[in-house]
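*Asks:* I have a structure here, written as C-alpha cells, and I will follow up with some questions on it.
The values are calculated or read from the model by the stated rules, or taken from the named source; none is laboratory data. Being a predicted model, the structure only gives us computed values, none of them experimental. Neighbour counts are summed over all protein chains in view; Cβ atoms, including those assigned to glycine, are modelled from backbone coordinates with ideal geometry.
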Amino acid sequence: MSSLLIALLGVLLVPLFVATWRTSLLGLSCQGFLMAWIAYRVSPEPSTASEWLTLVDLILVRGLGAPLALYRVMYSQNAPARNDVIPPNLLSWSFALGLVLLAFNFSQTLVTEPGQQQTLIAVAAAGVMLGFLVLATQSDPFSQMIGALRIENAIALFELGGERHHEPLGVQLGQIAVVATTIAFYRFYLKTLSAGSVAVTEGAPEGPTL
C-alpha cells in the first residue's frame, strides 16, 4: 500500500506545478480512484454495506462525479487552459514542498512506529495543508473549489487509516449526501458566474468606433 500512498502524494503535488484546470480535475479524479484502491487493499473482500458505500463514495462521487461536474462547466465556458492553483513562483513551490516535509515530520510525532500507518497520516496531513495553501493563495472560485475538495479528500484518506469500525448507514449516507450536494452547489455557482459574465458583456454599452 506504500506505493499507492506515494502515488497519491504525487497526484497531490503535480497539479500545483502544471497550471491547467484540466490537470487539477484529473488530479481530483486520481485522488478518488487511488483512495478507493487503498480502501480495497485494507478490505480486499467488501462484505458489509458500509464498505461498499465507502467504495461508491470514493469512486463514483469523488473519482468521477466531482471532476466531471466541474469539467462540463469549464468546458462549456471555453475557459482558458491555464489556471494557477498556487502562485507560479519559486517561493510558492518551495513552500509547498516544505509543507510536505512538515507533514512527514508531523506523522512521525503522531505515529512513532514506522510503517504504512505513518505514511498514510503524512500524505493525509500533506493533503490538508496543501489544500489550505490553495485556499490562502488563490481567490478565483474554481481554485477555491479545488482547494476545498482537496481538503475533503485528505480527510477521507485520514478516515481510511483509522481503526476499522462501521458507522451507522444513516450517518454514512448523510456524509455522502453532503459531499454530493456540495459538488452540485459548486457546479451551480460556476454556471451562475458564467451566465452573469455573459449578461454583463451583452449589456455593456458599445464603445466609440474610430
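*Asks:* Of the residues that make up the range 142-164, is at least one at pLDDT below 95, closer than 26 Å to Trp52 by Cα, over 16 Å from the mean Cα position of the chain (by Cα) and charged (D, E, K, R)?
*Replies:* Checked against the condition, which is being at pLDDT below 95, closer than 26 Å to Trp52 by Cα, over 16 Å from the mean Cα position of the chain (by Cα) and charged (D, E, K, R), the range 142-164 yields at least one hit.
*Asks:* Here is a further query. Check off (1) under 26 Å from Gly65 (Cβ atoms); (2) among the small types (Gly, Ala, Ser); (3) assigned to a helix (DSSP H, G or I) for Ser139 and give me the number that stays unchecked.
*Replies:* (3)
*Asks:* Residue check: is Arg72 touching a Phe, Trp or Tyr at 6+ places or on another chain (Cβ under 9 Å), at pLDDT 90 or above, assigned to a helix (DSSP H, G or I) and of a type in the set (Lys, Arg)?
*Replies:* no
*Asks:* Considering only residues of the range 79-113 that are of a type outside the set (Val, Ile, Thr), farther than 17 Å from Ser24 by Cβ and assigned to a loop (DSSP other than H, G, I, E, B), which is modelled with the lowest pLDDT?
*Replies:* The selected residue is Glu113.
*Asks:* Of all residues being among the small types (Gly, Ala, Ser) and more than 24 Å from Val11 (Cα to Cα) in the range 45-63, which is surrounded by the most Cβ atoms within 10 Å (Cβ to Cβ)? Just the residue, please.
*Replies:* Ser50
*Asks:* Scan the range 109-153 for residues that are surrounded by 14 or more Cβ atoms within 10 Å (Cβ to Cβ) and farther than 22 Å from Thr20 by Cα and report the count.
*Replies:* Qualifying residue count for the region: 11.
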